[in-house]
Amino acid sequence: MTASSTATLSFSDGSPSIEFPVLKGTVGPDVVDIKTLYGKTGKFTYDPGFMSTAACRSAITYIDGDKGELLYRGYPIEQIATNCDYLETCYLLLNGEMPNAAQKDAFVSNVSHHTMVHEQMQFFLRGFRRDAHPMAILTGMVGALSAFYHDTLDINNAEHRHIAAIRLIAKMPTLVSMAYKYSAGQPMIYPKNDLSYTANFMRMMFATPCEEYQVNDVLVRALDRIFILHADHEQNASTSTVRLCGSSGTNPYAAIAAGVACLWGPAHGGANEAALSMLLDIQKNGGVEKIGEFITAVKDKNSNVRLMGFGHRVYKNYDPRAKLMRETCYEVLGELGLQNDPLFKLAMELEKIALSDEYFVSRKLYPNVDFYSGIVQRALGIPTSLFTAIFALARTVGWIAQLNEMLADPDQKIGRPRQLFTGATARDVMPLHQR
Ligand code: ACO
């Protein structure tokens, strides 16, 4: 990070102009370093939603929204999704480099041997109603982990941070499957450490004590790819939540629980569920024949209808993850003999029409990862209410990598945004009888 030039801020009220350094990253927009602004002028900046604010420096994930490019540690997502598995991706995000064979074996073994959760967690789980939303359960259970691992709560200790990272990555599939089994009224299936990370998760989800789960490599690979595509996405809302929460010095389990809570929102992790519901709705109301009518409603500003799974704050081009997800959709439906799946056909037709429609073209609205991931998860047998929990499982590594990067940064401070105050100025409290 180098200062490449300066920016001058001038005021129309006669206050003197000030210069700020302009910082250059390795790639991406330059950043005006305004951290001395308040000290020099007594003024803050105002930027709700962080539309123009880089809240940190990071070397993990890079997105070029105009090109439709996503890089983890410099590697294009397309290459990672076709050449690596999820645990290699986790290693890369956490450590900055791809593992060699020995490093991968050691990492896989380490994660595999931390998959069990403390047996007391069962009692904690049973405190929830059976119809609790999986994200409510997950938020509570991830936070509860901090009560079981007193030995790794010192976030200033790099060894503690490492073991907490391994534990969280290893235990998340166990927690998600526990939440699912609990809602289905089935007994929990314990992890089996000789299976791959994703095969183990699918077995914990779909096996019962009466029937073993038959691992299918194509389906395991599909879910593994969903994990890879959701592993990190730079400074999104949940990641920024984890960073802000962690900046107070809280333990990693508490910070990740905050990320889970943030992800739950429909504007963030809940969109794949919404995209699938939209497709099911169109199908119920006439299917492909009704796409024209639906698109007309989407374009009508008074209708409040959006084409879910389309558009993105950062991508103003085809989301690279959506292309990979569409490919996976073909593979999964082919494997399951569902090539003629009406939902998939509907999605493809909808995509074709939207991509050639002036409304979507002029606004640069393209399919995002959620457009196809719901169809894939549904075909895999994952219930819709669990989609966001699957996203949380996959994103856990990104949250930890970002948290650990922040904690290791010598410039790190507790996050403390300021405000533009618009409330009442100082006034006196009147006694109750005079109000
Ligand atoms: N359908 C119809 N019109 C849309 C859509 C859509 N999906 N997305 C954006 N637009 C239109 C807006 O109405 C607006 O039009 P206008 O300029 O005529 O007023 C224009 O495109 C810009 O839209 P904004 O809402 O300002 O764009 P923003 O960057 O704030 O929103 C968002 C991005 C929230 C993702 C939006 O595109 C959307 O709601 N998409 C559908 C939900 C979705 O798929 N979310 C998943 C995101 S990916 C993820 O979280 C993994």
Q) Given the Cα-Cα distance of Asp154 and Lys24 and 0.36 nm per residue of separation, how much length would full extension add, in nm? A) 43.5 nm
Q | Unit charges at the beta carbon, dipole of segment 121-204: most positive-side option, Gln186, Ala164, Thr139 | A | Gln186
Q) Setting aside same-chain residues fewer than 8 positions from Lys290, which lysines have a Cα under 29 Å from its Cα? A) Lys299, Lys301, Lys316, Lys323, Lys345, Lys352, Lys364
Q. Each residue of segment 117-134 in order: what ³J(HN,Hα) in whole Hz does its phi give by Karplus 6.51 cos²θ - 1.76 cosθ + 1.60, θ = phi - 60°, with x for Gly and Pro?
A. 9, 4, 4, 4, 4, 4, 6, 4, 4, 5, x, 7, 5, 5, 9, 5, 5, x
Q: Work out the charge dipole of segment 301-416 with +1 on the Cβ of Lys and Arg and -1 on the Cβ of Asp and Glu about the Cα centre, then indicate which of Phe371, Ala347, Ile414 is farthest towards its positive end.
A: Ile414
**Q.** Pair Ala184, Asn304: separation of 7 Å Cα→Cβ label points (nm)
**A.** 3.6 nm
Q: May I ask for the longest run of the chain untouched by chymotrypsin sites (Phe, Trp or Tyr not before Pro) that are loop-located per DSSP and have at most 10 neighbouring C-beta atoms (other than their own) within 10 Å?
A: 47-420
Q.
Among Asp341, Asp300, Asp224, which one shows the highest mean-square fluctuation when the chain is modelled as a Gaussian network with alpha-carbon springs under 10 Å?
A. Asp300
**Q.** Convex hull volume per residue for segment 352-435, taking Cα atoms only, in Å³
**A.** 335 Å³
Q) Ala424 versus Thr384, label points 7 Å from Cα toward the beta carbon: distance in nm? A) 4.6 nm
**Q.** Packing-based exposure ordering (other Cβ within 10 Å, fewest first) of Val376, Val288
**A.** Val288, Val376
Q) Fully extended, how many nm does the chain gain between Ser15 and Gln79 (0.36 nm per residue separation, minus their Cα-Cα distance)? A) 17.8 nm
Q: Using only alpha carbon positions, build the gyration tensor of segment 191-345, then give the equivalent ellipsoid semi-axes as the square roots of 5 times its eigenvalues, largest first, whole angstrom.
A: 30, 27, 14
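Equivalent-ellipsoid semi-axes (√(5λ), Cα gyration tensor) for segment 226-265, whole Å, largest first?
18, 10, 10
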Q | Quarter of Cα convex hull surface for the chain, i.e. mean projection, nm² | A | 28.2 nm²
**Q.** Gain on full stretching of the segment that runs from Ser52 to Thr8 - 0.36 nm per residue minus C-alpha separation
**A.** 14.1 nm
Q: With all distinct Cα pairs included, what does the Kirkwood hydrodynamic radius of segment 146-249 come out to in Å, to one decimal, could you say?
A: 15.9 Å
Q) With a 10 Å Cβ neighbour count serving as the proxy for reagent exposure, in which order, fewest first, do Glu289, Glu234, Glu78 appear? A) Glu289, Glu78, Glu234
Q. Looking at Asn285, Leu263, Val314, which one has the Cα that reaches farthest to the positive end of the dipole of segment 243-355 (charges on Cβ: Lys, Arg +1; Asp, Glu -1)?
A. Val314
Q | Kirkwood hydrodynamic radius over Cα pairs of segment 151-204, then Stokes diffusion coefficient at 10 °C and 1.306 mPa s, in µm²/s | A | 128 µm²/s
Q) To the nearest 20 debye, what is the magnitude of the charge dipole of the chain about its Cα centre, counting +1 on the Cβ of each Lys and Arg and -1 on the Cβ of each Asp and Glu? A) 1160 debye
Q) ³J(HN,Hα) across segment 392-406 via Karplus (A = 6.51, B = -1.76, C = 1.60, θ = phi - 60°), whole Hz, x for Gly/Pro? A) 4, 4, 5, 7, 3, 5, x, 4, 5, 4, 5, 5, 5, 4, 4
**Q.** Spherically averaged projected area of segment 1-139 from its Cα convex hull (nm²)
**A.** 15.0 nm²
Q: Using amide H atoms built 1.01 Å from N in the peptide plane, name the residues 5+ places from Glu69, or on other chains, whose amide H lies under 5 Å from its own.
A: Asp64
**Q.** Neighbourhood net charge (10 Å Cβ-Cβ; Lys/Arg +1, Asp/Glu -1) for Pro99
**A.** -2
Q) What spacing in nm lies between the two simple spin-label points modelled at Met98 and Thr45, each 7 Å away from Cα in the Cβ direction? A) 3.6 nm
Q) For segment 421-435, what does the Karplus curve 6.51 cos²θ - 1.76 cosθ + 1.60, with θ = phi - 60°, yield as ³J(HN,Hα) per residue in whole Hz, taken in order and with x for Gly and Pro? A) 7, 10, x, 5, 7, 4, 8, 9, 6, 8, x, 3, 5, 9, 7
Q) What's the local net charge at Glu212, with K and R +1, D and E -1, over the other residues with C-beta under 14 Å away? A) 0
Q | Cβ-derived FRET efficiency at R0 51 Å, Tyr38 paired with Gln214, nearest 0.05 | A | 0.25
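Laboratory data are not the source of any read-out in this text; all were calculated from the coordinates shown. In this text the structure is predicted, and so the values were computed from the model without any measurement. So basically every Cβ, Gly included, is an ideal-geometry build from the backbone, and we count neighbours across all protein chains shown.
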